[in-house]
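Single-structure report; data block below.
Please treat every number below as a calculation from the coordinates, not as lab data. Nothing here was measured: the structure is a model prediction, and the numbers come from that model. Here Cβ is always computed from backbone atoms with ideal geometry, including for glycine, and neighbour counts include all displayed protein chains.
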Amino acid sequence: MNGFQKQNKTNKPRKESMHYRNGRAANDGDPVIGESWKGSGNIIAGKLHSTSPGSTSCNGQVAHPIVGGVANAHITVGDFYHAADAFAAVEGKQLTP
């Protein structure tokens, strides 16, 4: 068993889950939005990938568009929102995860 897994009641390893700021479970491939660094004011939106469950910071990457291509930003998943939740908040709606 490695640091990314915990034992469950049947003693089989299971992968730890990660969650966004509002509690929704995070998965590779999710569209996300958030500040690239806390307090920076630099907002990025893109696709979540290369997550590292078990880590508390810098535990994922976001592929986001830039002029001339795509860049990857290292992020802390708990500081970001799923894009659908952010959109719903702007529209004044509430989604159920």
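Structure above, values below:
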{"quantity": "All positions within the stretch 24-65 that are more than 21 Å from F87 (Cα to Cα) and among the β-branched types (V, I, T)", "calculated": "T51, T56"}
{"quantity": "Residue that is surrounded by the most Cβ atoms within 10 Å (Cβ to Cβ), among those in the stretch 56-76 that are in contact with a helix residue (DSSP H, G or I) (Cβ under 9 Å, 6 or more places away or on another chain) and of a type in the set (S, T, Y)", "calculated": "S57"}
{"quantity": "Per-region count, the stretch 55-91, residues in contact (Cβ under 8 Å) with a residue 12 or more places away in the chain and assigned to a helix (DSSP H, G or I)", "calculated": "7"}
{"quantity": "Selection from the stretch 39-54 of residues that are under 17 Å from H19 (Cα atoms) and either in contact with a Ser or Thr (Cβ under 6 Å, 6 or more places away or on another chain) or in a loop (DSSP other than H, G, I, E, B) (or both)", "calculated": "S50, T51, S52, P53, G54"}
